[in-house]
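Here, each number is a calculation from the coordinates, and none is a lab measurement. Computed from a prediction, not measured in an experiment: that's the story for all the values here. In this analysis, Cβ positions are derived from the backbone assuming ideal geometry, glycine residues included, and neighbour counts consider all displayed protein chains.
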Amino acid sequence: MVSTQVASGRPESDRPVPRRLYAARGFGDRVFRIQLTATGVVVLAVMAAVGLFLLLRAGQALHARGFAFLTTAAWQPDVHNFGIAAVLTGTLLIALVAVTISVPLAVGTALFISDVAPRGLRRTLVSMVDLMAAVPSVVYGLWGLFFLQQHVIGLSRWLSDWFGWIPLFTVDGIQPGDPLASASVYTASTFVAGIVVALMVAPIQCSVMREVFAQAPAGEREGAYALGATRWGMIRAVVLPYGKGGIIGGTMLGLGRALGETIAVYLIISPVFTIQPHILQTGSNSVSSLIALHYGDSSEFGMSALMAAGLALFLLTLAVNFTASSVAARSRSGAQSEA
Amino acid sequence: MTVVDLAKTPGEQGALATPTASPAPVAPVAPVVPDPVSVPEQPRRIGGVSRSAVLSLTGAGASALCVTILLFGELAPFSGMLGFVVTAYLVFLAVYAVLTGFEEDGQAVRDRVMTVVLWTAATLLFSALALVVGFTAWRGKEALPHGNFFTQDMQAAGPLDPLTNGGIAHAMAGTLIMMAIALTISVPLGLACAVYLNQIPGRFSRFVRTIVEAMTALPSIVAGLMVYAVWILGLGMPKSGLAAGFAISVMMLPIVIRASDVVLRLVPGNLTEAAEALGAPRWRTVWHVVLPTARSGLATAVILGTARGIGETSPVLLTAGFTAALNADPTAGPMVSLPLAVFNFVKSPQPEMIARGFGAAAVLMTMVLVLFVIARVIGGRGPGHQTRRQARRTARASRRDVTRFAAPHTPASVSVPGLSLFEDTAPQPHDTAASAPAPGDND
């Protein structure tokens with residue numbers, strides 16, 4: 001309104017009128033803008049549809065069970081006795097084992113690539129880590145099933161012998177130090193699945209962390225060296241504080257992947273539908289492998305129950321991811337250096 | 001050798017140590033006095049290997065081996081390969097720290113030990129990953145030499161048939177078809193959305209970016225469930241390759257968007273500003289400046305998304321069904337992809353089927369590797385860095401421009417010289433009409 005008046009009042013045009021910065025010029029730009037916004041809306045709609053349709057389909061099962069859905073361990077949807085207490089515990093324990101193993105490895109490797117490795121080697125190592133992050137999960141599953149399973153028994157036995165007094169490492173029915181104990185109680189456990197998932201998520205975490213470590217300001221690095229710091233002193237004083245957001249963000253990203261991993265876990269564990277807090281003992285479960293196990297033989301109501309389980313997994317990973325991105329956004333990581 | 005002379009450059013510990021060690025304030029000044037001019041300046045060595053470090057490492061390694069053999073063989077009731085390695089490593093670290101401590105101070109010892117620990121972490125991770133890949137390739141060598149493995153499907157092959165009968169042609173075809181469908185959906189949508197996030201900033205696009213970032217780690221089985229709920233339960237469609245393609249594209253979309261968003265953000269601002277200053281509309285700036293500049297990075301983003309999508313089993317498991325026969329029609333009938341075929345092969349107890357599973361996994365890995373190498377080759381350089389061929393092409397184009405500018409002016413090229421850079425045809429009348437009055441207003 002105002003601008004048209006100014007435009008008509010041409011005589012007093014020497015009065016400074018702020019130039020209007022048009023983002024869009026002409027018909028082509030308007031179409032372009034509308035199209036781009038439409039793609040944004042479509043993508044958002046697809047992403048919203050994931051949650052919406054799961055909720056819609058899960059409604060029947062959630063309505064039938066109510067709060068008991070969270071506290072029941074059994075999975076018998078056809079007699080209306082089902083819940084995600086067992087599978088959710090299993091999922092969290094597998095992810096916990098995976099993150100506990102993968103984070104030290106990932107942080108160490110990321111620091112190694114960004115600061116310790118010979119310069120000529122760094123680019124190759126970066127490519128290798130990125131390549132490893134793209135190896136299909138079914139390959140990790142095969143390795144876990146046919147290779148790791150037999151070789152990890154010794155470690156499991158050792159852990160349960162020496163640390164069996166910690167409830168997490170207890171194995172039922174095994175006397176500590178009994179050399180004749182059956183090895184099969186140590187297979188198909190949360191621990192084995194956790195190791196495999198750890199190897200799967202470690203490259204992803206490492207790749208995120210390395211990217212942040214590499215951005216640590218050169219001026220601050222050199223300042224630390226100039227003050228007489230050793231390389232490890234510099235890493236502790238500059239790189240790690242700067243990369244804290246990256247470490248947390250990478251960990252959470254790996255945690256999100258670990259929570260949702262299906263095939264590798266499905267191949268390794270033998271599913272049980274009780275809350276199984278003993279990670280070394282055979283038998284475990286996860287939400288995603290529950291879905292993969294039962295999607296084929298479910299009634300309509302059973303499918304609704306599976307959708308409810310999927311919804312729970314979806315919300316869990318979403319919460320983890322939002323936490324990760326807000327932590328990463330708030331930290332100094334990724335900020336440009338002034339030096 | 002990491003040279004940190006605390007007398008000259010007091011580090012953290014030197015600063016802490018001086019007040020307790022020296023009773024008089026004069027003492028810390030004294031070491032500085034010896035004439036600094038006579039000492040030629042030498043750059044400090046950070047990292048690197050010296051003779052004493054090699055000797056310490058060798059000595060620590062030898063003594064760790066001996067101590068552990070002694071422990072395991074004679075003294076303590078330890079056993080097991082893994083325990084041996086762990087004990088040897090811990091003893092090695094301790095001995096190495098002590099050996100370094102003979103000639104260095106605490107800071108340097110910690111640095112040396114941590115360097116070894118970082119080397120160990122990296123070696124451990126890389127060797128574990130090499131083991132995963134190598135194991136699959138090694139077990140796959142049983143099935144891979146048979147030519148029929150690549151040309152036949154499993155329709156005529158029973159579980160007891162030898163490897164000379166049956167193959168994974170159906171799974172390879174299925175993977176290619178599903179990926180084609182997924183790429184057809186996710187590449188245009190993903191790239192357009194990434195351009196949207198970059199070009200039209202605002203509250204809504206920030207919101208879209210947040211959601212997309214949160215969705216990058218969307219569990220793939222949830223993507224499969226969603227397509228199952230919408231397409232198969234909701235619309236009553238049968239399980240098919242098309243549904244699997246949809247599921248894979250739902251999973252790939254956030255990955256492609258996020259990776260291309262990052263690449264587009266790296267396009268230098270002065271390039272787009274130059275285009276704007278020449279009067280190009282926004283869509284031409286994007287089409288002729290932003291996208292070509294970021295082309296290699298965008299290709300990398302797409303290929304990395306493809307590499308993730310190609311290996312996903314669970315969305316296909318829920319939406320594609322399973323078949324042993326070759327099915328080239330994505331709209332009808334079940335279809336199988338490579339990862340799903342691997343999954344089904346290894347669930348069988350027959351050693352031949354397991355060998356086929358490993359063979360298929362090796363083929364899948366090779367596909368991922370090839371995609372990855374392609375991504376590295378075309379995406380190895382950042383935006384603005386051209387290959388030699390691109391540089392020659394740009395040089396040719398600018399020589400053409402120079403001759404064109406030097407040629408006698410025709411009225412058309414004088415009126416809007418900027419637009420002719422972007423398109424050789426005459427500018428649209430709409431653009432000239434829009435831009436012509438603008439200078440008039442300012443006069």
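Data overview
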| item | result |
| --- | --- |
| Approximate spin-label separation B:T387-B:R400, in nm, with each point projected 7 Å along Cα-to-Cβ | 1.9 nm |
| Exercise: per-residue mean of other protein chain Cβ atoms within 10 Å, A:123-134 | 5 |
| In order through the stretch B:393-408: 3J(HN,Hα) via Karplus (6.51 cos²θ - 1.76 cosθ + 1.60), integer Hz, x for Gly, Pro | 5, 5, 4, 4, 4, 6, 4, 4, 4, 4, 5, 5, 5, 6, 5, x |
| Order of A:E261, A:E222 - criterion: other Cβ atoms within 10 Å of each residue's Cβ, fewest first | A:E222, A:E261 |
| Simple label model, 7 Å out from Cα along Cβ direction - B:A332 to A:W162, nm | 6.4 nm |
| Shielding by other protein chains, B:279-288, mean Cβ within 10 Å | 4 |
| B:Y89 paired with B:W138, simple spin-label distance in nm, labels 7 Å along Cα-to-beta-carbon | 2.0 nm |
| Chain A: angle of helix A:153-163 to the longest principal axis, Cα-based, in degrees nearest 10 | 90 degrees |
| Highest to lowest packing among B:344-350, B:40-46, A:136-142, scored as the average C-beta count within 10 Å | A:136-142, B:344-350, B:40-46 |
| Dmax and Rg, reported as Rg then Dmax, of the stretch A:194-339 (C-alpha, Å) | 20.7, 70 |
| Within the stretch B:195-220: backbone nitrogen closer than 20 Å to the A:L55 label point (7 Å, Cα to C-beta) | B:207-219 |
| Relative pair counts by distance (%), Cα atoms of the stretch B:127-240, 10 Å bins | 11, 21, 27, 25, 12, 4, 0 |
| Listed peptides B:264-270, B:352-358 by packing density, highest first (mean Cβ within 10 Å) | B:352-358, B:264-270 |
| Per-residue mean of C-beta atoms belonging to partner chains within 10 Å, peptide A:28-35 | 5 |
| Protection proxy ranking of B:360-371, B:391-402, B:179-190 - average other beta-carbon atoms within 10 Å, highest first | B:360-371, B:179-190, B:391-402 |
| Interatomic Cα distance distribution for chain A, bins of 10 angstrom, percent | 5, 19, 22, 21, 15, 9, 5, 2, 1, 0, 0 |
| Mean separation of Cα contacts under 8 Å (6+ apart) over length of chain A, as relative contact order % | 27 percent |
